[in-house]
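Student: Right, I'll just put the structure down here and ask away after.
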Amino acid sequence: MKKIISLIVLLCTVACFSCNKDVLNKQPLSIISDANVFKDPALINAYLTQVYYDMPFLGNDCNASGPVDGDGGWHAFDINDVSDESFPQFRDWNPSNAFTYKYGNLNITGGLLDWWGYNTVREINQFLEKLPSSPLPADEVKAKLAEARFLRAFCYFAMVKRYGGVPLITQVQNATDPHDTLYPKRATEQAVYDFIIAEADAAAADLPEVLTIDNIGRPCKYAALALKSRAALYAGSIAQFGTVQANGVTGIPASAAKQYYQASYDASQAIIKSGKYALYTADANKTTNFRNIFLVKNNSEVIFAKRHDNVNQATGGNGWGVDFFNCPRPQAWSRGLYEQAYLELAESFEHIDGTPGTLDRSAVQKNLVTTDELWANKDPRFFATFYTQNTSWKGGKLDFHAGIRLPDGTIKTDGAYNGIAATGDQDYQGTGIGVLKYLDESHDNMAGANSGWATSAQDWLIFRYAEILLNNAEAAYELGNSGDALTSINQVRSRAGIAALAAVDRDKIHHERKVELAFEGQRYWDVRRWHTAVADLSIRWSGIRYILDAASGKYQIQIINNVDGTSNIPQFRQENYYLPITNARTSNNPNLVENPGYK
C-alpha cells in the first residue's frame, strides 16, 4: 500500500523539526503520493520529519501523540508517576495511566506506556528502500540512511525495553509475502538488543560528528553512540539480573552480561574521549547551574534532544505541557502541581558533605523548625529538582502550610488567625513537594484554553553527558574497573556541589542515577532492568505537611503516610518486568506468544 502524506501534516511537522522550509511552496496542495516523495529533496526531508512525529516516545516515553495525548498534555509525566518518584495529583480527575496501573492493575489488556511501533518501522523500512534511487547527492543519501537506521534502532529499543523480544522486521512487507513473513514470530530479547547495537554502530559511522544549526534536533554520531551506551547497558543488566524465559523471548543469558557491559563502556568512552561534550558549569551557583541544564538550549551537555518551541501542537507548533501542568499556583485551572514528588525521593538527596539526607522523622515531628533548618546543607540538586514550602518562585515564596498552630497548641484549619490564612495558596493535600526540574518561571501559566497547555519551549533532553558518565560508571564497575567508575561518579558529584566518594559500589552507582536523573524518564526502566522493581515500586510512600506556628513563624511538621491513599496500594508484580503483548495483538498474529505471567 502506498503511503499518502497529508500536506497539512507535512507543514506541521516540518515546522516542528526545522526542516527545509522550501516544502511549504511545493505542489500539489492536497496530497502527495510516495512515488513522488522520493523524487523531491524537500519532500524527502518532510517524510523523515514525519517519522519523528510518529515516535512519541521521544517525548519522555509518551505512549500517544497529539496536543492532548502526547507531551503537549499530561502523558509526558506517566513514566515518572508509575515509578517511585511521584504520583499524579489531580485527585478528582487523574487522567494519567500511571494512576491506574501503579496499584497492581497492569494485566493482559495492557495500556501502560504501550507502543507497538510497526507502522513507524514500516515507514522507515520504506525510506531505506527508496532513498538510494532518489536524486539526492551520494553524501546526503549516506547521511539520511544512517539517520533512518538510527531512528529504526530507537524504535526497536522503545519496544524491547517494554516487551522483551519482538518481531524484527527490516524490510517492507507486502500482501503477497508468505504467511510467516506477514505474521512473524517474536525474536529473542538478545537478538533485538544485538540488532539495536549493530545498527547504532552502523549509524554512528555515517552520521555527522557536528550538526549544522538547521539540523539541531537530529542525531549526530554521538547520539548513535549514546543509544548504544544506554541499550547495551540495559542488555548487560538484564543478562546479569534477569531470567531467561519462553525460549529467550524474554531475558538474556547471564554469560552475555560482560560483552554488553563492554559494548556500553566502549560507546561511553568514545563520547567522553571525543571532547565534544562536557558537564554544564556556566553558573557559579550550583542550584542555578543544575536548573539551567534543562532551560539553556544547546548547552555543552546536550547530545540529542527533542526540540520544542512555545507554540501549541494543535496550531502547528511543537510546544509541550510541562509548565502548565507542573507549575505552582497561580495556574489557569487553580491546580498546577500535577506531579507530586514523594518524600522518600526528596530524602534520597544527600547533604553536601555526603551524609545521608534522610530526615529523622520522629525528631522533626516533635520540634518546631524553619524550612532552612529542615533542608539545611542539602545537595544543591535538591533545590533545583523540587519546590516546597518557601521555595522562591516568580519573586515570591511558595506557601504550602496547612493549618495554624495557635498559642494553646490547637490547630486551626479554616478561616484566619491574626490576618494569616489557615492554609497556604498551594496544594497541601498532596505530598507537599512539587517538581521544579524543567520549569520556566517566565512561562504564562494563566492561559487556560487548549492553546495554553502545550506552550513550553524547553527542549526534552533525550541524551545528555551526565548520563553517559553514569553509564560509564555502571559498566566499568560491572567489568571490575572500580577506579574508572569512581572517577565518573565523582565528576557528576563535583558538578553538583557535593562531597566526592572515597569508594564506589553498585548501590552508590544506582543511587547517583536516581538523584541526578530524577524526572528524566529513567527511573522506571532502571529498576526494571536491575530487577529491583518488585521491592522498589511496591512501597507505601509518604509526603510532608507544614503547620505554621503563629508565635514563632516556624513549622510543625507532619509526615503523611500512605500518601497515595488508603485504597491505592503500589504494587509491581513479577510479570510486570515486561509489559503484556496483549490479547489484541496475539489474536491478530497467532505466531506471537504472550509474556510470562499474563493470562
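Every number here is computed from the coordinates shown, using simple stated rules; none is lab data. Bear in mind that the values here come from a model prediction, so they are computed numbers and not experimental data. No Cβ is skipped: glycine too gets one built from the backbone with ideal geometry, and neighbour counts run over all protein chains shown.
Student: Output the relative contact order of the range 450-548, whole-number percent, from Cα pairs under 8 angstrom with separation of 6+ residues.
Tutor: With pairs under 8 Å counted, the relative contact order is 18 percent.
Student: Could you tell me the calculated FRET efficiency between Ala500 and Ala376, based on Cβ-Cβ distance and R0 = 22 angstrom, to the nearest 0.05?
Tutor: With R0 = 22 Å, the Cβ-Cβ based efficiency is 0.60.
Student: From the helices alone, meaning DSSP H stretches of at least four residues, give me the mean residue ellipticity at 222 nm for the chain, per-run term -39500 (n - 2.57), in deg cm²/dmol to the nearest 500.
Tutor: That calculation yields -11000 deg cm²/dmol at 222 nm.
Student: Calculated FRET efficiency, Ile569 and Lys508, Cβ-Cβ r, R0 30 Å, to nearest 0.05?
Tutor: Efficiency, from the Cβ-Cβ distance: 0.50.
Student: Once label points are set 7 Å from the Cα along Cα→Cβ at both Leu182 and Lys366, what is their separation, rounded to one decimal in nm?
Tutor: About 7.4 nm separates the two model spin labels.
Student: For the range 314-324, what does the Karplus curve 6.51 cos²θ - 1.76 cosθ + 1.60, with θ = phi - 60°, yield as ³J(HN,Hα) per residue in whole Hz, taken in order and with x for Gly and Pro?
Tutor: Values per residue, Gly and Pro as x: 5, 10, x, x, 9, x, 9, x, 4, 5, 4 Hz.
Student: How high is the relative contact order of the chain, in percent, with contacts defined as C-alpha pairs under 8 Å that are six or more residues apart?
Tutor: 18
Student: Note down the nm distance, to one decimal, between modelled labels 7 Å out along Cα→Cβ at Thr212 and at Gln259.
Tutor: Between Thr212 and Gln259, the simple spin-label model gives 4.1 nm.
Student: Please turn the phi angles of the range 75-90 into ³J(HN,Hα) values with the Karplus equation 6.51 cos²θ - 1.76 cosθ + 1.60 (θ = phi - 60°), one per residue in order, whole Hz, x for glycine and proline.
Tutor: Karplus values, whole Hz, x for Gly and Pro: 6, 5, 9, 4, 5, 6, 6, 8, 9, 9, 8, 6, 9, x, 10, 7.
Student: While we're on this one: Report the gain in length on full extension from Ile420 to Ala447: 0.36 nm times residue separation, minus Cα-Cα distance, nm rounded to one decimal.
Tutor: Working it through step by step, the gained length comes to 6.8 nm.
Student: Express in nm, to one decimal, how much length is gained between Asp92 and Lys39 on full extension, taking 0.36 nm for each residue of separation and deducting their alpha carbon distance.
Tutor: That works out to 13.8 nm of additional length.
Student: With label points built 7 Å along Cα→Cβ from the Cα atoms of Arg585 and Gln171, find their separation and express it in nm.
Tutor: 2.4
Student: Moving to a separate point now. Considering Cα pairs under 8 angstrom that are at least six residues apart, work out the relative contact order of the range 342-442 and quote it in whole percent.
Tutor: 24
Student: With respect to the cross-link table entries Lys221/Lys306; Lys286/Lys378; Lys185/Lys258; Lys228/Lys286; Lys221/Lys437; Lys378/Lys514, which display a Cα-Cα separation exceeding 20 Å?
Tutor: Checking Cα-Cα distances, Lys185/Lys258; Lys228/Lys286; Lys221/Lys437 exceed 20 Å.
Student: Shifting gears a bit: Residues with amide H under 5 Å of Tyr103's amide H, sequence separation 5 or more or different chain, H placed in the peptide plane at 1.01 Å from N; which?
Tutor: Close amide H contacts, sequence-distant or interchain: Gln571.
Student: Hey, can you grab everything whose amide H is under 5 Å from the amide H of Ile560? Only 5+ residues off in sequence or another chain; H modelled, so Pro and N-termini drop out.
Tutor: Hits under the 5 Å cutoff: Gly543, Ile544, Arg545.
Student: Please give the Cα centre distance for the range 554-599 versus the range 98-128, rounded to the nearest Å.
Tutor: So the separation of the two Cα centres works out to 14 Å.
Student: May I ask for the net charge around Phe572, where only other residues with Cβ less than 11 Å from the Cβ of Phe572 are counted and Lys, Arg are +1 while Asp, Glu are -1?
Tutor: For residues surrounding Phe572, the net value is 0.
Student: Next question, about the same structure. Kindly rank 168-181, 388-401 from highest to lowest mean number of other beta carbons found within 10 Å of each residue.
Tutor: In decreasing order of mean packing, 168-181, 388-401 become 388-401, 168-181.
Student: Nearest 0.05, what FRET efficiency do Tyr118 and Lys297 give at R0 = 45 Å with Cβ-Cβ as r?
Tutor: 0.85
Student: Angle check, please: helix 7-17 long axis (alpha carbons) against the longest principal axis of the chain (alpha carbons), in degrees 0 to 90, nearest 10.
Tutor: That helix lies at roughly 60 degrees to the long axis.
Student: Turning to a different aspect of this structure: Could you work out how much longer the chain between Asn561 and Ser274 gets when fully extended? Use 0.36 nm per residue separation minus the Cα distance between them, nm to one decimal.
Tutor: Extra length from Asn561 to Ser274 when fully extended: 98.5 nm.
Student: Another one. From a point 7 Å beyond the Cα of Asp283 in the direction of its Cβ, which residues of the range 428-466 have a backbone N at a distance under 13 Å?
Tutor: So the set is 436-442.
Student: Enumerate the amide H contacts of Ser86 below 5 Å, restricted to partners 5 or more residues apart or on another chain; note that Pro and chain-start residues carry no placed amide H.
Tutor: Sorted by chain and number, the residues that satisfy this are Tyr342.
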